[in-house]
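Here the structure is laid out as structure tokens; the discussion comes afterwards.
The values are calculated or read from the model by the stated rules, or taken from the named source; none is laboratory data. Note that the structure is a prediction, hence the values are computed from the model and not measured. Methodologically, a virtual Cβ is constructed for each residue, glycine included, from the backbone with ideal geometry; neighbour enumeration extends over all protein chains shown.
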Amino acid sequence: MYLGTIVELGDTAAVFETPRHPYTRSLLAAVPRIGGPRVTLDFALEGEPPSPRDVPSGCRFRTRCPLVQDVCAVEEPRLREVDGRAVACHFA
Ligand code: SF4
């Protein structure tokens, strides 16, 4: 979940092995693990979460997302099936 909305939903093992949403990927990359992280990032997550009382238009994660595009500001991504799980990202 990010700012009160589900961003990825699916089988636990599948989500942990191959997260599809950028926020899920950043969360799992931050989990300490002996031998190194299970998930690695090719981007840096920056900034702070916005206030839940003033959420961004479109995708709530867009102010911190390294993959953000113009559509992300005007259209809220709905959960859709991606690789057998539900992901709320236009580009998952
Ligand atoms: S919809 Fe856009 S801003 Fe939101 S997670 Fe996907 S790429 Fe990032």
- Task: Taking the options R85, R62, R25, R38, name whichever one is modelled with pLDDT under 95 and touching a helix residue (DSSP H, G or I) at 6+ places or on another chain (Cβ under 7 Å).
- Result: R38
- Message: If I ask for residues that are acidic (D, E) and either touching a Gly at 6+ places or on another chain (Cβ under 8 Å) or within 8 Å of the ligand (Cβ to nearest atom) (or both), which ones from the stretch 71-82 would you list?
- Response: E75, E76
- Identity of the residue in the stretch 19-39, touching a Lys or Arg at 6+ places or on another chain (Cβ under 9 Å) and part of a loop (DSSP other than H, G, I, E, B), that ends up surrounded by the fewest Cβ atoms within 10 Å (Cβ to Cβ): V31
- Query: Yes or no: A14 part of a strand (DSSP E or B) and among the aliphatic types (A, V, I, L, M)?
  - Reply: no
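On the basis of being closer than 14 Å to F91 by Cα, surrounded by fewer than 17 Cβ atoms within 10 Å (Cβ to Cβ) and not β-branched (V, I, T), does E46 make the cut?
Details: closer than 14 Å to F91 by Cα: no; surrounded by fewer than 17 Cβ atoms within 10 Å (Cβ to Cβ): yes; not β-branched (V, I, T): yes.
No: the conditions fail for E46.
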- Search result, residues across the stretch 26-70 that are near the ligand (Cβ under 8 Å from one of its atoms) and under 22 Å from L9 (Cα atoms): G58, C59, R60, F61, R62, C65, P66, L67, V68
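Just name the residue that is surrounded by the most Cβ atoms within 10 Å (Cβ to Cβ) out of those in the stretch 1-14 that are among the aliphatic types (A, V, I, L, M) and within 15 Å of the ligand (Cβ to nearest atom). Reasoning before the result, please.
From the stretch 1-14, those among the aliphatic types (A, V, I, L, M) are 1, 3, 6-7, 9, 13-14; that's our starting set.
If we keep only those that are within 15 Å of the ligand (Cβ to nearest atom) as well, we get 1, 3, 6-7, 9.
Details: M1: 11, L3: 14, I6: 12, V7: 24, L9: 14.
Across the stretch 1-14, the extreme among qualifying residues is V7.
Looking at V71, is it within 14 Å of A92 (Cα to Cα), out of contact with any strand residue (DSSP E or B) (no Cβ under 7 Å at 6 or more places or on another chain) and surrounded by 10 or more Cβ atoms within 10 Å (Cβ to Cβ)? I'd like the intermediate steps shown before the answer.
Working: within 14 Å of A92 (Cα to Cα): yes; out of contact with any strand residue (DSSP E or B) (no Cβ under 7 Å at 6 or more places or on another chain): yes; surrounded by 10 or more Cβ atoms within 10 Å (Cβ to Cβ): yes.
Yes.
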- Note on the structure: Here the qualifying pairs (Cβ atoms under 6 Å; residues six or more apart or on different chains; first in the stretch 70-88 and farther than 15 Å from T24 by Cα; second more than 10 Å from the ligand (Cβ to nearest atom)) come out as A73/S57
